[in-house]
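Engineer: This is the structure, below, for whatever I ask next.
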Amino acid sequence: MNKLNTFRYNVIGFEEYDGEKIINHIEEKLKNKKKITSKDSIYLSLAPLMDKKKNNNISEKIKRVVDILIELNQINPTGNRLSFGIEWLLVDKFVKNPELRNLLIDVLGEKMSAIYEYGERKEQKGKEEGIKEGIEKGRKEGKEEGRKEGKEEGKEETILKLYKSGMKPEEISERLDTDLDKIKKIINQ
């Protein structure tokens, strides 16, 4: 073990948090038009995972949080991107009902245009790199193929010239270190 590359990190569990309480607290702040911080938004987006009772329907909590995030987005459109991203991941992982899942992903996706655009740019960059790599590989393979074909054509011309100058196929085979059947085939074309 390399002692220079040892990392320590604290594992944080949600046991000490009450997701229902967090959701209710944010709803209360919204109702009373109190400021909701980025920290509040992040806690809210993680609240569906914070279930002390372990029996609440996570899909329903996620839907409730999405509704609150949509409302928060109207107040502060740029301040909730991370929360939308977190919630999108939770929907993708935990919501099993396909209808509800697709609805929530669509709703969140509309609000996550920056993340979507980032993905689009990454995809486009990947395509461009793939095309560039393909062109370079194609050129390289084309050059190699061209050299190979050029050598073959040159060899065929040499065989025909030697044959026309009076050399027998056996002598040509020995001189060029080439298979006799191949030489006869070239001569008889």
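Engineer: Contact list please: Cβ distance under 8 Å, first residue in the range 89-102 and touching a residue at least 40 places away in the same chain (Cβ under 8 Å), second residue among the basic types (K, R) and surrounded by 16 or more Cβ atoms within 10 Å (Cβ to Cβ), pairs at least six apart or on different chains.
Structural biologist: That search, which allows pairs on different chains as well, returns L100/K63.
Engineer: Right, here's the next one. Could you check K184 against (1) more than 24 Å from S41 (Cβ to Cβ); (2) exposed (fewer than 15 other Cβ atoms within 10 Å of the Cβ); (3) not small (G, A, S) and say which number it fails?
Structural biologist: (2)
Readers should treat all values here as calculations from the given coordinates under stated rules, not as data from a laboratory. These figures come from a predicted structure and were not determined experimentally. Reconstructed Cβ throughout: ideal geometry from the backbone, glycine too, with neighbour counts over all protein chains shown.
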